[in-house]
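**Q** Here it is: the structure, laid out below.
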Amino acid sequence: MMRCPLPGRRLLPVVAGLSALALAACGADTRSGAGDSSGVAPTAGPVIRAPREFSGIAWLATERTPTEAKGYGEGEPQEVFLICHDARDNDAERDLPRLSIVRTPVDTDGIIVQNLDVAFPTVPNDLESIARLPGRDEALLVESNADGDDPDPTIYLARWDDRLNVEIAGSVPWPETPEPLVNVEATAVATVRGKDYFVYAERAEGSDTTAINMTRLTVGRDGTITFGTRWTSVSFTAPEPPGARPASGLDIDNEGNLYISSAYDPGDLGPFDSAVYRAATVGPGGALGAQLRPVEPPQQLARSSGLKVEGVGLVDGSFPIFISDDDEDYGGLLRQLRVTGPSDRPRTRDQR
């Protein structure tokens, strides 16, 4: 059930279908006079532009793309992700797309980015994370609260069919949280013994420590979203990078491992720096039916110097792991993460 818009939150226009992101937005700018304004004639050929920022990420599917050497269904595997963009509800950004589908490359053309024209019940303001519900074709799209600037921070429910047509099936205000809601970029959903749990962490600007918080979650077939009233929490401190926000992205694998990205952001031109950690586990127990346990010390999986990682996405709940970047004026980035350490694949006993 969609919530009626509140004052100050305009309805987005309804635009049907999925439109390919034109070269003008994600690659080639073919406008006449696309050079600078100095009077110097532009060089021959299109202007290449980076895709917009990739703030949150969730895996959707694995496809096989036909190639000249292989027929239909036998082509190169291609991972497909849902990406959210952190556009604000203001005059400059109100009409920008909030969601895209991004496919990993199969040739030298690189990643494939498609804008989604999705009807939201209200204009999303600073979507920073996507939390897929394990084993289902639905996910929570989560507004950050934008450092308290959002009067009505909202969580939306997105659903998609086997053709990856995405629609908004419901929405709900952020629940009452165990600490003041400031700016959240890290969310995920875990399923433990058949029950769902919503997990989030504040990005905690100015500190190297944040709390990982968890409560019960129920999503109805009619799109209703209900959160529990009791929470459980554990602390996470990011050893690196220096000065980083400790939680900028989050995902949980099928075995209950929580992967968190930490990101250093000095401004729109960087230089950025990031790391990804195995930070905690979730499993049966406790008053909620599930409990968090910190990984002490956190297991660093990778460093990404020069990049601002804001999304962590596992493929169908397991490795490989991908990152999405919001590198501000440098644009967006999707990459498979190279995991290094004592074990390339952290494992715990399967608790699902």
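**Q** Among the residues of the range 255-264, is there at least one that is open to solvent by 20 Å² or more (accessible area, probe 1.4 Å), out of contact with any Asp or Glu (no Cβ under 7 Å at 6 or more places or on another chain) and over 14 Å from Arg293 (Cα atoms)?
**A** No, the conditions are met nowhere in the range 255-264.
**Q** Turning to a different aspect of this structure: In the range 236-249, what residues are within 15 Å of Asp325 (Cβ to Cβ) and in a strand (DSSP E or B)? Even if it seems obvious, please write down each step before you answer.
**A** At the first step, the residues of the range 236-249 found to be within 15 Å of Asp325 (Cβ to Cβ) are 241, 244-245, 248-249.
Correct list: Arg245, Ser248, Gly249.
**Q** Also, quick follow-up: Just a yes or no: is a residue in the range 304-320 at pLDDT below 95 and of a type in the set (Lys, Arg)?
**A** For the range 304-320, residues at pLDDT below 95 and of a type in the set (Lys, Arg): absent.
**Q** Sticking with this one: Just to verify a result, which residue in the range 152-177, among those that are open to solvent by 10 Å² or more (accessible area, probe 1.4 Å) and under 16 Å from Asp86 (Cα atoms), is modelled with the lowest pLDDT?
**A** Among those residues, the one meeting the criterion is Asp152.
**Q** Moving on. Would you confirm whether or not the range 304-325 contains a residue that is on the phi < 0 side of the Ramachandran plot, of a type in the set (D, E, K, R) and open to solvent by 30 Å² or more (accessible area, probe 1.4 Å)?
**A** Going residue by residue through the range 304-325, those that are on the phi < 0 side of the Ramachandran plot are 304-305, 307-315, 318-325.
Those still in the list that are of a type in the set (D, E, K, R) too: 308, 310, 325.
From what is left, the residues that are open to solvent by 30 Å² or more (accessible area, probe 1.4 Å) are none.
Scanning the range 304-325 turns up no residue that is on the phi < 0 side of the Ramachandran plot, of a type in the set (D, E, K, R) and open to solvent by 30 Å² or more (accessible area, probe 1.4 Å).
**Q** Given the criteria within 15 Å of Ile101 (Cα to Cα), among the polar types (S, T, N, Q) and either modelled with pLDDT of 95 or more or open to solvent by 20 Å² or more (accessible area, probe 1.4 Å) (or both), does Ser144 qualify?
**A** On the way: within 15 Å of Ile101 (Cα to Cα): no; among the polar types (S, T, N, Q): yes; either modelled with pLDDT of 95 or more or open to solvent by 20 Å² or more (accessible area, probe 1.4 Å) (or both): yes.
So Ser144 fails the test.
**Q** Kindly evaluate Arg338 against the criterion of being at pLDDT below 95, among the charged types (D, E, K, R), more than 20 Å from the chain's Cα centre (by Cα) and loosely packed, with under 15 Cβ neighbours inside 10 Å. Outline the logic, then answer.
**A** Values: at pLDDT below 95: yes; among the charged types (D, E, K, R): yes; more than 20 Å from the chain's Cα centre (by Cα): no; loosely packed, with under 15 Cβ neighbours inside 10 Å: yes.
No: the conditions fail for Arg338.
**Q** While we're on this one: Kindly indicate which of Phe227, Phe198 is within 17 Å of the chain's Cα centre (by Cα) and modelled with pLDDT of 95 or more.
**A** Values: Phe227 fails: within 17 Å of the chain's Cα centre (by Cα).
Being within 17 Å of the chain's Cα centre (by Cα) and modelled with pLDDT of 95 or more holds for just one of Phe227, Phe198, which is Phe198.
**Q** Could you list, in sequence order, the residues of the range 193-224 that are polar (S, T, N, Q), open to solvent by 10 Å² or more (accessible area, probe 1.4 Å) and touching a residue at least 60 places away in the same chain (Cβ under 8 Å)?
**A** Within the range 193-224, just Thr224 meets the criteria.
The values are calculated or read from the model by the stated rules, or taken from the named source; none is laboratory data. No experiment lies behind these values; they were computed from the predicted model shown. Virtual Cβ from ideal backbone geometry, glycine too; neighbours counted across all protein chains shown. What goes into the accessible areas is simple: the full protein's heavy atoms, side chains included, and nothing from ligands, DNA or RNA. Shrake-Rupley method; radii C 1.70, N 1.55, O 1.52, S 1.80 Å.
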